[in-house]
1. Somewhere in the stretch 72-84, is a residue over 17 Å from the mean Cα position of the chain (by Cα), assigned to a helix (DSSP H, G or I) and modelled with pLDDT under 80?
2. What number of residues in the stretch 45-60 are surrounded by 11 or more Cβ atoms within 10 Å (Cβ to Cβ), out of contact with any helix residue (DSSP H, G or I) (no Cβ under 6 Å at 6 or more places or on another chain) and at pLDDT below 90?
3. Of (1) touching a helix residue (DSSP H, G or I) at 6+ places or on another chain (Cβ under 8 Å); (2) at pLDDT below 80; (3) assigned to a helix (DSSP H, G or I), residue 24 satisfies all except one. Which?
């Protein structure tokens with residue numbers, strides 16, 4: 001590949017509780033050492049809505065000054081959806097749950 005090649009790398013850190021400093025160090029090591037990404041070559045980093053991930057990308061931004069911090073669109077939609085209060089939809093959901101709970105109770109009693 002030439003100098004203008006574009007690559008996509010995905011890093012997953014699967015630790016439940018993570019310290020911002022440790023995660024920033026691990027991410028920096030993975031990007032610089034393991035993948036050999038030079039400072040002006042990282043153009044974007046996508047993350048979920050966890051605040052620690054935003055803080056980590058803010059910390060390593062000085063190493064990768066051209067990096068654009070992208071929040072996953074689907075996580076944003078999920079966050080918006082969690083804050084919507086639509087009474088008709090809530091009423092439908094409650095009735096729907098009660099409908100199936102009552103049938104479930106009936107089925108359990110028949111067994």
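The values are calculated or read from the model by the stated rules, or taken from the named source; none is laboratory data. Small disclaimer: the values here were computed from a predicted structure and weren't measured. Because the Cβ atoms are built from the backbone with ideal geometry, glycine has one as well, and the counts that use them run over all protein chains shown.
1. Yes, the stretch 72-84 contains a residue that is over 17 Å from the mean Cα position of the chain (by Cα), assigned to a helix (DSSP H, G or I) and modelled with pLDDT under 80.
2. Of the residues in the stretch 45-60, the ones surrounded by 11 or more Cβ atoms within 10 Å (Cβ to Cβ) are 45-50, 52-60.
From what is left, the residues that are out of contact with any helix residue (DSSP H, G or I) (no Cβ under 6 Å at 6 or more places or on another chain) are 46, 50, 53-54, 57-58.
If we keep only those that are at pLDDT below 90 as well, we get 46, 50, 53-54.
Residues that pass the stated criteria total 4.
3. Condition not satisfied by residue 24: (2).
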